[in-house]
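This report concerns only the one structure given below.
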Amino acid sequence: MRVEFVSELIGTFFMVFIGCLAIKQDSGEPIISLAFGGAVCVVIVFSRRFSGAHINPAVSIAFSISGELDKKLLPTYVCAQLLGGLIAGLALGGSGATDFSLNLGWGILIEVAITMALMLSIYLTIWHTNNDIVVGMIVGIVVAILAFYFGTYTGASMNPARTFGPNLVFGSTTVIPAYLTATTFGGVLAALISKKLRNSTKETQAFN
């Protein structure tokens, strides 16, 4: 079994479990947001060396487009992440399932936008530093902020695996395709933007 598979499975499980446990305990929006952000930070710090600590199919798909992840490894990453989310969902009895509190169109738009914002923050961070602690803190803070401001409207999924596991176990399956499509699309948009930005930077440097 590949180390990347194990790392992504455990990391995704931990993130979904910790965040959804806070929801199950009705901890309140600030604590729930910090739980998700803190869990993301911890996973990045401890497992980035093994797999990059994507813990999110949207991140892995984006990285496969922009070149940070070998496309041959994408199925391994996505399967591990979805399985990790499912195991967390089973462990918590489906607590933390996401749903839209506003109409579907606006909900999808929000998920596209916040996933794109998260992914762009990841690109901007790793372009400037490779320090696991710094990357973990910045990405964790971004996750916490987005979760705090948008959790009320969509659950602030930003992650196909985060919705897939809890929703499947809870039985709220009709919205899963919308979340998977929106979050993946947000990641893809960020990947395309990042490629454009890097190409523009290279052209500028070459011109100078």
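Nothing in this text is a laboratory measurement; each read-out follows from the coordinates by a stated rule. The shown structure was predicted, so the numbers you read here are calculated from the model rather than taken from an experiment. For neighbour counting, all protein chains shown are included, and Cβ atoms are generated from backbone atoms with ideal geometry for every residue, glycine included.
Neighbour counts of C-beta atoms inside 10 Å place 41, 79, 20 in the sequence 79, 41, 20, starting with the fewest. Compute the separation of the alpha-carbon centres of region 33-50 and region 1-15 and state it in Å as a whole number. A separation of 12 Å, based on Cα centres. Counting every pair of alpha carbons in the chain, the share spaced more than 28 Å apart comes to 20 percent.
Relative to the dominant Cα principal axis of the chain, helix 3-24 is inclined by about 50°. For the chain, the longest principal axis of the C-alpha atoms and the axis of helix 57-66 are separated by about 10°. Counting lysine pairs in region 3-200 that sit 8 or more residues apart in sequence, or on different chains, and whose Cα atoms lie under 27 Å apart gives 4. GNM on the chain, alpha-carbon springs under 10 angstrom: the most fluctuating residue among 100, 50, 13 is 50.
In the elastic network of the chain, a GNM with C-alpha springs shorter than 10 Å, the most mobile of 137, 119, 15 is 137.
Helical runs assigned H by DSSP (4 residues or longer) give the chain a calculated mean residue ellipticity at 222 nm of -27000 deg cm²/dmol, each run adding -39500 (n - 2.57) before division by the residue total.
Within the shell of other residues whose beta carbon sits under 13 angstrom from the beta carbon of residue 62, the net charge comes to +1, with Lys and Arg scored +1 and Asp and Glu -1.
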